[in-house]
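Undergrad: Questions regarding the structure given below will be posed in turn.
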Amino acid sequence: MVHTHTVGLIGHTGNIGKQILKHLIKPYEDGKLNIIILHRAGSDLSSVPKGIETRQVDISKPVDVALLVGINTLVTAVAFEVMGNTVNLVDAFAKSPDAVTFIPSYYSAAWSEADIAIPQMAVVNQHFLPPIQKAKEAGVGVTIVHSGLFSEYLFVIPFVGASLKDNTIQANAAMLEKTFPIITHEYLGAGIAQLVTNPPETIKDKSYSFIEYQVKGQGLVEAFEAVNGSKPTIIDFTEKDYEEGLNNPMGPIGTLYKAHWSTGELVYPNETKPEGITSKSLVELAKIYK
Ligand SMILES: NC(=O)c1ccc[n+]([C@@H]2O[C@H](COP(=O)([O-])OP(=O)(O)OC[C@H]3O[C@@H](n4cnc5c(N)ncnc54)[C@H](OP(=O)(O)O)[C@@H]3O)[C@@H](O)[C@H]2O)c1
């Protein structure tokens, strides 16, 4: 069977990576692409179907170009903490004759230059930005994938101040009227898999966004009430909360999500919908986390 291009994937066991791999299998079997799995020593390879090539790599240090040869689209879906290390992967990828485009493990809203310049963002920027900068400097394509907030960061982890368990939502009056973007791992993984099934040249140097649910704050309130059987407590989000939130241990990103939610300025370029994914209702989704 002739495969037209090769997708490299690192992070195949992660929340997003495992969904990317799952949704790449069909196009692989249909001969639309080849897959190479990059993984660290000790990674569980049991989910990788027989016949798919695996290559061990240590991204904490310079990477041998030979490990990237043959890959045209390089998808990274690694843990946030090691995202900065993918700079070593990108450096080697850029030297491969087969390299076309690199997808950073970004999967967040499109933060503006002003957002990135906020001093408290420095700790985030050190993970987010170097791989993208490296790819641009080295002349390899970059395909940035933006994403809504992962659903567990809304319902379980109080990343934006909501907690299904405590039945609380942090939102000011504007946020109750404006929409907030949410996504499940499967929806994003399917979206990325379908994106990289396209010829690499066609997705090179472009941005895409995946959002599964666009829900007004009031809609969240109703979903929490439907799941918990009582109205959630709404905690105001004020200017003071914004200032304090930038410095809180959950980091500034959750605070920026709220700030832009309240002004309707969460940016998602080129929104794309994966085919063949049936989303649950928001209430059914929330019930999973109850
Ligand atoms: N929009 C949102 O709400 C949101 C929320 C969270 C994260 N994100 C973004 O999404 C990205 C992916 O998140 P995720 O939750 O899917 O990540 P995750 O589940 O934490 O990723 C784990 C994956 O990273 C791999 N990994 C960890 N350390 C590694 C290393 N040193 N070398 C190679 N591979 C390593 C793991 O491999 P092993 O199998 O070897 O352990 C595993 O495959 C993050 O980078 C972050 O930017 C967005």
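The values are calculated or read from the model by the stated rules, or taken from the named source; none is laboratory data. This one's a predicted model, so the numbers in the text were calculated from it and none came from an experiment. As a convention, Cβ positions derive from the backbone with ideal geometry for all residues, glycine included, and neighbour counts pool all protein chains shown.
Undergrad: From the list Lys240, Lys258, exactly one residue is touching a residue at least 12 places away in the same chain (Cβ under 8 Å) and either assigned to a helix (DSSP H, G or I) or more than 18 Å from Ala286 (Cβ to Cβ) (or both). Which is it?
TA: Being touching a residue at least 12 places away in the same chain (Cβ under 8 Å) and either assigned to a helix (DSSP H, G or I) or more than 18 Å from Ala286 (Cβ to Cβ) (or both) holds for just one of Lys240, Lys258, which is Lys258.
Undergrad: Would you check which residues across segment 94-121 are within 16 Å of the ligand (Cβ to nearest atom) and either modelled with pLDDT under 95 or not in a strand (DSSP E or B) (or both) and list them?
TA: The answer is Pro104, Ser105, Tyr106, Tyr107, Ser108, Ala109, Ala110, Trp111, Asp115, Ile116, Met121.
Undergrad: Further, regarding this structure: Could you please let me know if Ile10 is crowded, with 23+ Cβ neighbours inside 10 Å and touching a residue at least 60 places away in the same chain (Cβ under 8 Å)?
TA: yes
Undergrad: Kindly establish whether Ser147 is crowded, with 23+ Cβ neighbours inside 10 Å, closer than 23 Å to Asn270 by Cα and at pLDDT 95 or above.
TA: yes
Undergrad: Now for a separate question. Identify, please: which residue in segment 48-78 is part of a loop (DSSP other than H, G, I, E, B) and near the ligand (Cβ under 10 Å from one of its atoms) and is, among those, surrounded by the fewest Cβ atoms within 10 Å (Cβ to Cβ)?
TA: Once the filter is applied, the top-ranked residue is Ser60.
Undergrad: Among (1) more than 10 Å from the ligand (Cβ to nearest atom); (2) in contact with a helix residue (DSSP H, G or I) (Cβ under 9 Å, 6 or more places away or on another chain); (3) assigned to a helix (DSSP H, G or I), where does Lys136 come up short?
TA: (2)
Undergrad: Out of Glu81, Glu113, I need the residue that is in contact (Cβ under 8 Å) with a residue 12 or more places away in the chain, surrounded by fewer than 21 Cβ atoms within 10 Å (Cβ to Cβ) and over 13 Å from the mean Cα position of the chain (by Cα). Which one?
TA: Answer to the selection: Glu81.
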